[in-house]
Amino acid sequence: MPADLQVGLRYQHRFHVPASKTVPALYPEAEEFAQMPQVFATGFMVGFLEWACIKAINPYLDWPSEQSVGTHINVSHQAATPVGAEVVADVELIQIEGRRLVFAVTAHDGWDVIAQGTHERFLIDKQRFETKLAQKQQQLPERA
């Protein structure tokens, strides 16, 4: 754990929502999603919040050999955001337990608060993580 990574770290991240981050784009193969409104998708919003947390802590890590992975998300999606709007995430590191990091996260789109909640990340050694993942991959059944 980097000694200079401390509770209270804050970061703000901005992003303009393109059509590729809307509900119909979330799973193009899902007919149900294709029929839904073209607004910022919850799945992409979660990724945006994760991205903000990653950006917040990366300067404190030995990137890219030390990284973090998301392990828990508890957020609301409170308002719809149209294509072209700027979304802003504000994240704060509120807890550190060993390699486990917990963030308070919020996001707004200039009109509404669109998300509030918490996000947990876990610090990993990338090489060790990928070695374990490769072992799991080798155990998958063959697909015809």
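In order along the stretch 86-95, phi translates into HN-Hα couplings of 8, 9, 10, 9, 10, 10, 9, 6, 10, 7 Hz, rounded to whole numbers, per the Karplus curve 6.51 cos²θ - 1.76 cosθ + 1.60 with θ = phi - 60° and x for Gly and Pro. Spin-label pair W51-F33: with each label point 7 Å from Cα along the Cα-Cβ axis, the two points sit 1.6 nm from one another. Among the chymotrypsin sites (Phe, Trp or Tyr not before Pro) in the stretch 29-60, none is located in a DSSP loop while being surrounded by at most 11 other Cβ atoms within 10 Å of its own Cβ. Between the listed residues P59, P37, T106, the Cα displaced farthest toward the positive end of the dipole of the stretch 10-138, a dipole computed from Cβ unit charges relative to the Cα centre, is found at P59. A DSSP coil position with no more than 16 other Cβ atoms inside 10 Å describes the following trypsin sites (Lys or Arg not before Pro) in the stretch 31-103: R99. Backbone geometry of the stretch 20-28 corresponds, through the Karplus equation with coefficients 6.51, -1.76 and 1.60 at θ = phi - 60°, to 3J(HN,Hα) couplings of 6, 10, 9, 4, x, 8, 4, 9, x Hz, x marking Gly and Pro. Working note: Karplus 6.51/-1.76/1.60 with θ = phi - 60° gives the stretch 115-130 the couplings 8, 8, x, 9, 9, 10, 10, 10, 6, 10, 8, 4, 5, 5, 4, 5 Hz, where Gly and Pro are set to x.
Multiplying the residue separation of E130 and E142 by 0.36 nm and removing their Cα-Cα distance gives an extension gain of 2.3 nm.
Here is the list for the stretch 100-144: GluC sites (Glu not before Pro) lying in DSSP coil, each with at most 16 other C-beta atoms within 10 angstrom of its C-beta, are E142. Rounded to the nearest 20, the size of the Cβ-charge dipole of the stretch 10-138 about its Cα centre is 420 debye, with Lys and Arg at +1 and Asp and Glu at -1. Ignoring lysines fewer than eight residues from K21 along the same chain, the ones with Cα atoms less than 30 angstrom from its Cα are K55, K126. Counted residue by residue at 0.36 nm each, then reduced by the alpha carbon distance between them, the extension gain from Q116 to A80 reaches 11.6 nm. With 0.36 nm allotted per residue and the present C-alpha distance subtracted, the Q12-R99 stretch has 29.1 nm of extension available.
When only Cα pairs below 8 angstrom with a gap of at least 6 residues are kept, the stretch 10-138 shows a relative contact order of 27 percent.
Every number here is computed from the coordinates shown, using simple stated rules; none is lab data. This one's a predicted model, so the numbers in the text were calculated from it and none came from an experiment. For neighbour counting, all protein chains shown are included, and Cβ atoms are generated from backbone atoms with ideal geometry for every residue, glycine included.
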